[in-house]
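Report on one structure; see the data block that follows.
No lab work stands behind these numbers, since they all come straight from the coordinates. Since the structure is predicted, the reported quantities are computational estimates derived from the model, not experimental observations. Note that we place each Cβ from the backbone using ideal geometry, even for glycine, and neighbour counts take in every protein chain shown.
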Amino acid sequence: MPYTTRLAPRLIVPDPDAASAFYQRTLEAEQVFRGPAGDDGRPVVIELRAGASSFRVSPSVAAWGWSPPAEDGTPPVLIEIETEDPDAVASRMTTHGAETVVPIENRPYGKRSGRIRDPYGHLWIITGPLR
C-alpha cells in the first residue's frame, strides 16, 4: 500500500493541555490523540482535528529546539483557517483570551477575514465568505 503524505502543523506552547482546551472551545476541535507525558508531566503531543484538518500541540523543549513564538510576539508561521463563519470563530477565540490583530471584515479580494493572536502567541488568519 502506498504511503500517503499528510501535513500536520505542530504548535509549540508552554502548556499543551491548556492549549488543547482553548482550541477545542474556540475552533470546535476534537482531541483525537494524546501522547504520553514527558519527564515534566506535560504530554509530548496532543493531536486535534477541526473539520477535515488536523494539527498538534506540544510543549516547548529547549533540548529538542522546540520554542514557542518569539518573545516579541512574532510567530514563525501564520495559520489560516477557512470557515463558514469567521466572525463566530474570532469571537470565541477573543472570549477565551486571544487578541484581535486585524478585525474580521469584508476584504476587497472577495473574502471576509482578519487576524487573531491566540494566548500562546500563534497568529491565525481567519477567513470565510463575504457577508
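Of the labelled figures (1) 48, 44, 23; (2) 58, 36, 24; (3) 42, 34, 29, only one reflects Cα extents along the principal axes in Å as derived from the coordinates, namely (1). Considering only beta bridges that DSSP places wholly inside the chain, some 70 percent are antiparallel.
Simple spin-label estimate for Q24 and V77 gives 2.3 nm between the two label positions (7 Å along the Cα-to-Cβ direction from each Cα). Couplings for segment 53-61, taken from phi via the Karplus curve 6.51 cos²θ - 1.76 cosθ + 1.60 with θ = phi - 60°, read 10, 10, 8, 10, 10, 9, x, 5, 9 Hz in order; Gly and Pro are left as x. How would segment 7-62 be classified by its alpha-carbon gyration tensor: rounded, prolate or oblate, with rounded meaning a/c under 1.5 and the a/b versus b/c comparison settling the rest? Since a/c reaches 1.5 and a/b is larger than b/c, the shape of segment 7-62 is classed as prolate. Taking the fewest neighbouring Cβ atoms within 10 Å as the starting point, the ordered list for W64, W124 is W64, W124.
Amide hydrogen proximity for G38: with H placed 1.01 Å from N in the peptide plane, the residues at 5 or more positions away or on another chain lying under 5 Å are V44.
Could you state the angle between the C-alpha long axis of helix 16-27 and the longest principal axis of the C-alpha atoms of the chain, as a value from 0 to 90 degrees rounded to the nearest 10? Long axis of 16-27 versus the principal axis of the chain: about 20 degrees. Near S60, the amide H atoms lying under 5 Å from its own belong to V13; only residues 5 or more places off or on other chains count, and H is placed 1.01 Å from N. Rounding to the nearest 10 and keeping the result within 0 to 90°, find how far the Cα-based axis of helix 86-95 lies from the longest principal axis of the chain. It is inclined by approximately 50 degrees.
Counting only Cβ charges, +1 for Lys and Arg and -1 for Asp and Glu, the dipole size of segment 7-62 around its Cα centre is about 140 debye. Amide H contacts for G121 (H built 1.01 Å from N in the peptide plane; partners 5 or more residues away or on another chain; cut-off under 5 Å): none found. Computing FRET efficiency as 1/(1 + (r/R0)^6) for H96 and A63, where r is the C-beta to C-beta distance and R0 is 41 Å, gives about 0.85.
Ordering G51, V101, P68 by the projection of their Cα atoms onto the charge dipole of segment 21-131, which places +1 on the Cβ of Lys and Arg and -1 on the Cβ of Asp and Glu, puts G51 at the extreme positive end.
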